[in-house]
Amino acid sequence: MAGVSPDLRPDPRTRVIFLGPPGAGKGTQAARLAGHLRVPRISTGDMLRDAIAQGTRLGRQVAPLIEKGGLVPDELLFGIIQERILMPDCAGGYILDGFPRTLRQAEGFETMKGGDRPAELGVFDVEVPRDELLRRLSGRRWCPRCQATYHVYNNPPRNDSLCDRDGASLIQREDDKETAVARRLAEYAERTAPLIDYYRSRSRFFGIDGCRPVDSVFGDLARILEEVR
């Protein structure tokens, strides 16, 4: 991409948090930015879904909660994140996607080894209008066998309602149905939106317009990080 270095090297200050409501596209951008910066993307959602798919003890604990759109206990998340950020591949930095989601989680993160330098964080808040979020979220479909995700408008399967990878019937998760989506957005406004003020005063904070093509959003993210590094 023009104006963006293809070879940014990781350093211990490459610590990025993505904020934004469900459906804002922060997971897509976090994954792309992680590849660009050569640092790991740490997604609590992916970690928990993998545990469910593998039938681990953790997966059995959280599966009923996630299926109903419930919240995973903070103590469990703290343990998962602390263990992950101390792994060798995080020595050069990391990108957090999906954590923290509450003020308590943000405060807990600062007490972790490797998470106690808030002034060095780059925090991106991906902003998308509510109507667009409803369209994006209610169109999601999910493969219960391999965990692949699709979207009826933006990323439909080749064969209607069947997974491209294994042919399993796709489902709409309970938390992606319209009534559940409205509830999730309300919960975000109550629980996570306060983090905007928290990090605005403590870190390098940037609001990002997420209602644009993926490449345009990514271009802004990469440009901002180049400027502040």
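The values are calculated or read from the model by the stated rules, or taken from the named source; none is laboratory data. Model, not experiment: these values are computed from the prediction. In this analysis, Cβ positions are derived from the backbone assuming ideal geometry, glycine residues included, and neighbour counts consider all displayed protein chains. Please note that ligands, DNA and RNA were not included when accessible areas were found on the heavy atoms of the full protein model with its side chains. Shrake-Rupley method; radii C 1.70, N 1.55, O 1.52, S 1.80 Å.
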> Considering PRO88, PRO73, which residue is free of Cβ contacts under 8 Å to residues at least 12 places away in the same chain, farther than 21 Å from LYS26 by Cβ, open to solvent by less than 70 Å² (accessible area, probe 1.4 Å) and not polar (S, T, N, Q)?
Replying inline: PRO73
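From the residues in the range 142-155 that are open to solvent by less than 30 Å² (accessible area, probe 1.4 Å) and part of a loop (DSSP other than H, G, I, E, B), which one is nearest to ALA168 (Cα to Cα)?
Just the residues of the range 142-155 that are open to solvent by less than 30 Å² (accessible area, probe 1.4 Å), to begin with: 143, 148, 150-151.
Those still in the list that are part of a loop (DSSP other than H, G, I, E, B) too: 143, 148.
Details: CYS143: 7, ALA148: 10 Å.
That would be CYS143.
Suppose we filter the range 156-199 for residues that are open to solvent by 80 Å² or more (accessible area, probe 1.4 Å), out of contact with any Ser or Thr (no Cβ under 7 Å at 6 or more places or on another chain) and not in a loop (DSSP other than H, G, I, E, B); how many remain?
Step one: of the range 156-199, the residues open to solvent by 80 Å² or more (accessible area, probe 1.4 Å) are 158-160, 165, 174, 178-179, 183, 190-191, 197.
Subset that is out of contact with any Ser or Thr (no Cβ under 7 Å at 6 or more places or on another chain): 158-160, 165, 174, 179, 183, 190, 197.
Add one more test, that the residue is not in a loop (DSSP other than H, G, I, E, B), and what stays is 174, 179, 183, 190, 197.
Summing the residues that are open to solvent by 80 Å² or more (accessible area, probe 1.4 Å), out of contact with any Ser or Thr (no Cβ under 7 Å at 6 or more places or on another chain) and not in a loop (DSSP other than H, G, I, E, B) in the range 156-199 gives 5.
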> For the range 206-214, does any single residue satisfy the condition of being basic (Lys, Arg), in a loop (DSSP other than H, G, I, E, B) and out of contact with any Asp or Glu (no Cβ under 6 Å at 6 or more places or on another chain)?
Replying inline: yes
>> Quick check on this structure: which one of GLY108, GLY122 is in a strand (DSSP E or B), surrounded by 14 or more Cβ atoms within 10 Å (Cβ to Cβ) and of a type outside the set (Val, Ile, Thr)?
In response: GLY122
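Looking for something over 17 Å from the mean Cα position of the chain (by Cα) and either modelled with pLDDT of 90 or more or outside any helix (DSSP H, G or I) (or both) - is there at least one such residue anywhere in the range 41-54? Write out each step before concluding.
Keep residues of the range 41-54 that are over 17 Å from the mean Cα position of the chain (by Cα), which gives 52-54.
Now restrict to residues that are either modelled with pLDDT of 90 or more or outside any helix (DSSP H, G or I) (or both): none.
No, the range 41-54 contains no residue that is over 17 Å from the mean Cα position of the chain (by Cα) and either modelled with pLDDT of 90 or more or outside any helix (DSSP H, G or I) (or both).
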>> Consider the range 200-229. How many of its residues are open to solvent by 30 Å² or more (accessible area, probe 1.4 Å), farther than 17 Å from VAL128 by Cα and β-branched (Val, Ile, Thr)?
In response: 1
> ARG130 fails exactly one of the following numbered conditions: (1) modelled with pLDDT of 85 or more; (2) closer than 24 Å to PRO21 by Cα; (3) open to solvent by less than 70 Å² (accessible area, probe 1.4 Å). What is the number of that condition?
Replying inline: (3)
>> Of everything in the range 55-70, what is surrounded by 15 or more Cβ atoms within 10 Å (Cβ to Cβ) and assigned to a helix (DSSP H, G or I)? Give them in sequence order.
In response: LEU58, GLY59, GLN61, VAL62, ALA63, ILE66
